[in-house]
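Worksheet: the structure to be examined is printed underneath.
The values are calculated or read from the model by the stated rules, or taken from the named source; none is laboratory data. Owing to the predicted nature of the structure, the values given are computational and were not obtained by experimental measurement. When we count neighbours, we look across all protein chains shown, and the Cβ atoms used for this are built from the backbone with ideal geometry, even at glycine. What goes into the accessible areas is simple: the full protein's heavy atoms, side chains included, and nothing from ligands, DNA or RNA. Shrake-Rupley method; radii C 1.70, N 1.55, O 1.52, S 1.80 Å.
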Amino acid sequence: MPDASSSPRPRLLTPAFLAISVAVLAYFTADGITLPIAPRYAAGPLGADPFGVGLAMGAFSLSALLLRPLAGRLADRRGRRPLLVGGALLFAAAMLGHLVANTLPLLIVMRLLLGVAEAFVFVAALAAIADMAPEARRGEAISFFSLSLYLGIAFGPTIGETALGTDRYWLVWIVAAGMALAAAVLGGRVPETRAPEPAGGAIRSTAIIHPAGVLPGIAVFGGVWGMAGFFVFLPLHALDLGFDGARLFLTVFAVVVVGSRIVGARAPDRFGARRLSGAALLF
């Protein structure tokens, strides 16, 4: 009788897995295009002070934070693909809205809409990945999936700053909107992974925030706290240092993350989430 430990590992890189990864790559490339440009737009043409820049950029995270629990429930009730496509379309619409965002309050409104779009896309994509990943390779699947996000951060800033030139903000917004539309088209080709509803009818209502997610959520909150300020003010700091943009620094950051996740893709399944995340936060 063959040893169970010698059985082949379940397949991870299926066509569905690759399809959603490419769609997410397109979406986060659109997001990355705006990453070094939006703070410069707030501080430059709109004349915002550092508080105003932080407020405009933080509006994105505020709406994403508030909408993610709702997005998770919608993904369970309506499916992953509608949120994936709808979020990308909303992102494209908000980017085109930047063309008329000639005051700080209007920019904040557009950033709030971008946060809603991010909540829909990220939650739907992560749920789909968890659906299709073999249980024994779920940590590895999420690690590989996250490469799409950070590759977008690697590619996007260079595209954005190239489109910007000296002051072509309008072109940056249009290019980002076009990339988001491409993400919506690609997302429409991703198969639906939501499990069918029970024969009895609707899904049983539960709390929006599961108690088991509170402590990991606090840990993630602490981990990204500093990253938020880094992303917002690095583009302005790079200009103060005499560089023409922040693309080099953002690309180095993303390449290090991508390399680490490729090398350590199996680490979550081998060492466990608690041990690995604790070591990472200390590092």
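When the stretch 58-93 is examined, which residues are found to be out of contact with any helix residue (DSSP H, G or I) (no Cβ under 7 Å at 6 or more places or on another chain) and open to solvent by 10 Å² or more (accessible area, probe 1.4 Å)? Those that are out of contact with any helix residue (DSSP H, G or I) (no Cβ under 7 Å at 6 or more places or on another chain) and open to solvent by 10 Å² or more (accessible area, probe 1.4 Å): 58, 65, 66, 69, 70, 73, 76, 77, 78, 82, 93.
Go through the residues of the stretch 118-136 one by one and say whether even a single one is open to solvent by 30 Å² or more (accessible area, probe 1.4 Å) and either more than 22 Å from residue 187 (Cα to Cα) or hydroxyl-bearing (Ser, Thr, Tyr) (or both). Scanning the stretch 118-136, I find at least one residue that is open to solvent by 30 Å² or more (accessible area, probe 1.4 Å) and either more than 22 Å from residue 187 (Cα to Cα) or hydroxyl-bearing (Ser, Thr, Tyr) (or both), so the answer is yes. When the stretch 94-113 is limited to residues that are more than 15 Å from residue 53 (Cα to Cα) and free of Cβ contacts under 8 Å to residues at least 60 places away in the same chain, the one that is most open to solvent (accessible area, probe 1.4 Å) turns out to be 100. A Cβ distance below 8 Å, combined with a sequence gap of six or more or placement on separate chains, defines the contacts here; from the stretch 221-244, residues that are among the small types (Gly, Ala, Ser) reach residues that are exposed (fewer than 12 other Cβ atoms within 10 Å of the Cβ) in the pairs 222/281; 223/281. All conditions in (1) touching a residue at least 40 places away in the same chain (Cβ under 8 Å); (2) closer than 30 Å to residue 48 by Cα; (3) not polar (S, T, N, Q) hold for residue 257, with the sole exception of (2).
Taking the stretch 243-280 only, how many residues are crowded, with 17+ Cβ neighbours inside 10 Å, at pLDDT 80 or above and not hydroxyl-bearing (Ser, Thr, Tyr)? So that I can check it myself, show each step before the final result.
Taking the stretch 243-280 first, the residues crowded, with 17+ Cβ neighbours inside 10 Å are 245-247, 249-251, 253-254, 257-258, 261, 265, 267-269.
Within this subset, residues satisfying the condition of being at pLDDT 80 or above are 245-247, 249-251, 253-254, 257-258.
Subsequent filtering for residues that are not hydroxyl-bearing (Ser, Thr, Tyr) retains 245-247, 249-250, 253-254, 257-258.
Of the residues in the stretch 243-280, 9 are crowded, with 17+ Cβ neighbours inside 10 Å, at pLDDT 80 or above and not hydroxyl-bearing (Ser, Thr, Tyr).
The combined condition, being more than 24 Å from residue 258 (Cα to Cα), modelled with pLDDT under 90, open to solvent by 30 Å² or more (accessible area, probe 1.4 Å) and assigned to a helix (DSSP H, G or I), is not fulfilled by residue 55.
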